[in-house]
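To start, the structure under review is shown below, and the notes come after it.
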Amino acid sequence: MTDVPWSEVASISLLTLRVTLTATCLGTLVGVPIGAALGLRAKPSASLFRIVLYTLYSLPPVIAGLFGYILLRRDGWLGSFHLLFTPAAIVIVEFFLTAPLIAGLTIAALTEVPRSVREAVLASGAGPARRQWTLVKEARFGIVAAIMVGMGRSLAEVAGALLVGGNVRGETRTLGTAILQEISQGDFDFALTLGYVLLALAFVSVLALAWVQSRNAG
């Protein structure tokens, strides 16, 4: 049994948390307003956007990584920023994956607001922005749950992070990409340790989601 380099475990874990939380925050800033805007409209155009959004639910991470690589490579639209094979590149790909998920689940949360509440808000005479904000507050527990689910998807990301991050040791190795690397090298002790850390982080996310749901039920 080989000695586990705990300093490297800590470094990889901290990087994973950093890119995960950053991507989740960006996904929230974009996904929640889009989900609220679509969830509170019944126009045909809004329905079309919902279909596109739900289609992005099943966007394979490897495809998101491919789009990110094309966007960030030297001759890509963002190539001049030299972001490829940096943590920022991983954040961008994870944002592609989390924002549609958060937006779609925000729509679902808004549909759970009781009809009586929606009718009361619409009849209140408040402006559109005020009505939208009131309904979002009513659906806040569901929206927080949507954010936690988005964070879970970002936390478990491997393929996209590998494509745009390159799994550079000490710079862009996340828990997922590091586990894949260690398995390929036959270091199963290190891979298992990283796997336990990833499971622990996922467990904390699930506990937080369960707490949010219990608050909503209460």
Pair list, Cβ under 6 Å, 6 or more apart: segment 124-140 residue touching a residue at least 12 places away in the same chain (Cβ under 8 Å) and open to solvent by less than 80 Å² (accessible area, probe 1.4 Å), other residue hydrophobic (A, V, I, L, M, F, W, C) and in a loop (DSSP other than H, G, I, E, B): 132/40; 135/113; 139/113
Any residue in segment 96-103 that is small (Gly, Ala, Ser) and either in contact with a helix residue (DSSP H, G or I) (Cβ under 7 Å, 6 or more places away or on another chain) or under 17 Å from residue 29 (Cα atoms) (or both)? yes
Among residues of segment 150-173, those that are out of contact with any Ser or Thr (no Cβ under 7 Å at 6 or more places or on another chain) and open to solvent by less than 60 Å² (accessible area, probe 1.4 Å), counted: 6
Does at least one position in segment 46-61 carry a residue that is out of contact with any Gly (no Cβ under 7 Å at 6 or more places or on another chain), open to solvent by less than 20 Å² (accessible area, probe 1.4 Å) and of a type in the set (Gly, Ala, Ser)? yes
Examine segment 174-190 for a residue that is of a type in the set (A, V, I, L, M), out of contact with any His (no Cβ under 9 Å at 6 or more places or on another chain) and either at pLDDT below 90 or exposed (fewer than 13 other Cβ atoms within 10 Å of the Cβ) (or both), and state whether such a residue exists. no
In segment 95-123, what residues are at pLDDT 90 or above and either open to solvent by 20 Å² or more (accessible area, probe 1.4 Å) or assigned to a loop (DSSP other than H, G, I, E, B) (or both)? 95, 96, 101, 105
Segment 110-123, residues that are free of Cβ contacts under 8 Å to residues at least 40 places away in the same chain and touching a Gly at 6+ places or on another chain (Cβ under 8 Å): 112
Do we find a residue being aromatic (Phe, Trp, Tyr) and more than 25 Å from residue 52 (Cα to Cα) anywhere in segment 173-195? yes
From the residues in segment 167-206 that are in contact (Cβ under 8 Å) with a residue 40 or more places away in the chain, under 20 Å from the mean Cα position of the chain (by Cα) and part of a loop (DSSP other than H, G, I, E, B), which one is nearest to residue 105 (Cα to Cα)? 174
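Considering only segment 26-48, I want to know if a residue exists there that is touching a residue at least 60 places away in the same chain (Cβ under 8 Å), outside any helix (DSSP H, G or I), within 19 Å of the chain's Cα centre (by Cα) and within 17 Å of residue 161 (Cα to Cα).
Scanning segment 26-48, I find no residue that is touching a residue at least 60 places away in the same chain (Cβ under 8 Å), outside any helix (DSSP H, G or I), within 19 Å of the chain's Cα centre (by Cα) and within 17 Å of residue 161 (Cα to Cα), so the answer is no.
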Among the numbered criteria (1) open to solvent by 20 Å² or more (accessible area, probe 1.4 Å); (2) β-branched (Val, Ile, Thr); (3) farther than 25 Å from residue 10 by Cα; (4) in contact (Cβ under 8 Å) with a residue 40 or more places away in the chain, which single criterion is violated by residue 143? (1)
Being open to solvent by 60 Å² or more (accessible area, probe 1.4 Å) and assigned to a helix (DSSP H, G or I) is the filter here; which residues of segment 1-10 pass it? 6, 7
Given (1) in a helix (DSSP H, G or I); (2) closer than 17 Å to residue 41 by Cβ; (3) in contact with a helix residue (DSSP H, G or I) (Cβ under 9 Å, 6 or more places away or on another chain), where does residue 126 come up short, assuming only one miss? (1)
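The values are calculated or read from the model by the stated rules, or taken from the named source; none is laboratory data. The structure displayed is predicted, hence computed values, not measured ones. When we count neighbours, we look across all protein chains shown, and the Cβ atoms used for this are built from the backbone with ideal geometry, even at glycine. Just the protein is used for accessible areas: all its heavy atoms, side chains included, with ligands, DNA and RNA removed. Shrake-Rupley method; radii C 1.70, N 1.55, O 1.52, S 1.80 Å.
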